[in-house]
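Structure record follows, encoded as structure tokens.
The values are calculated or read from the model by the stated rules, or taken from the named source; none is laboratory data. In this text the structure is predicted, and so the values were computed from the model without any measurement. Here the Cβ positions follow ideal geometry from the backbone for every residue, glycine too, while neighbour counts run over all protein chains shown. What goes into the accessible areas is simple: the full protein's heavy atoms, side chains included, and nothing from ligands, DNA or RNA. Shrake-Rupley method; radii C 1.70, N 1.55, O 1.52, S 1.80 Å.
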Amino acid sequence: KNSVSLTTDVSGILPTANGGANATAVATASVTSPLAWDSSAYAQYALTALANALTINADANAAPVDGQKMTFRFKDNGTARALTWTTGSAKSFRVIGTTLPTTTVVNKIVYVGCTYNAADSRWDVIAVGQEV
């Protein structure tokens, strides 16, 4: 029998501009809009009990690494919340083959997966998944 050990720890996998590694995740119950985030600090940003509409700003990291991954996880506090994504500027979001969520669905988790494209200075959104 082969055994497989699964882990969600990505420390040391995602390089940062200074050669360090992203922490696994950061989680917060709710934030004030707009969301300021930095891909050099973590690989997942989890927002739980989101209590207001939210604009997700462009990445504050001075130099994201080509191919770097970032995941956002959203869940509201029992009321659907609007989500607005910054697009069209450096280190902002660009949709590739999916649709960005514009609102949460009451009490459902939604994931948004991104890969950094250094050639175009954009976080390419390549996956969106929502709890059924």
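For the reader, a short list of remarks on this structure follows.
- Protein heavy-atom accessible surface, 1.4 Å probe, per residue over the range 29-129: 42 Å².
- Relative contact order, whole percent, for the range 48-132 stands at 33, derived from Cα pairs under 8 Å and 6 or more residues apart.
- Residues Val132 and Ala60, FRET efficiency given R0 of 25 Å [Cβ-Cβ distance, rounded to 0.05]: 0.15
- Thr32-Leu100 pseudo-label distance in nm [points 7 Å out on the Cα-to-Cβ vector]: 2.3
- Remark: the Asn107-Ser121 segment gains 1.7 nm on full extension, using 0.36 nm per residue and subtracting the alpha carbon distance.
- Within a straight-line Cα-Cα reach of under 19 Å, Lys75 can be paired with the following aspartates and glutamates, leaving aside sequence neighbours fewer than 8 residues apart in one chain: Glu131.
- Put Lys91, Lys75, Lys69 in order of accessible area, highest first, and with a 1.4 Å probe you get Lys69, Lys75, Lys91.
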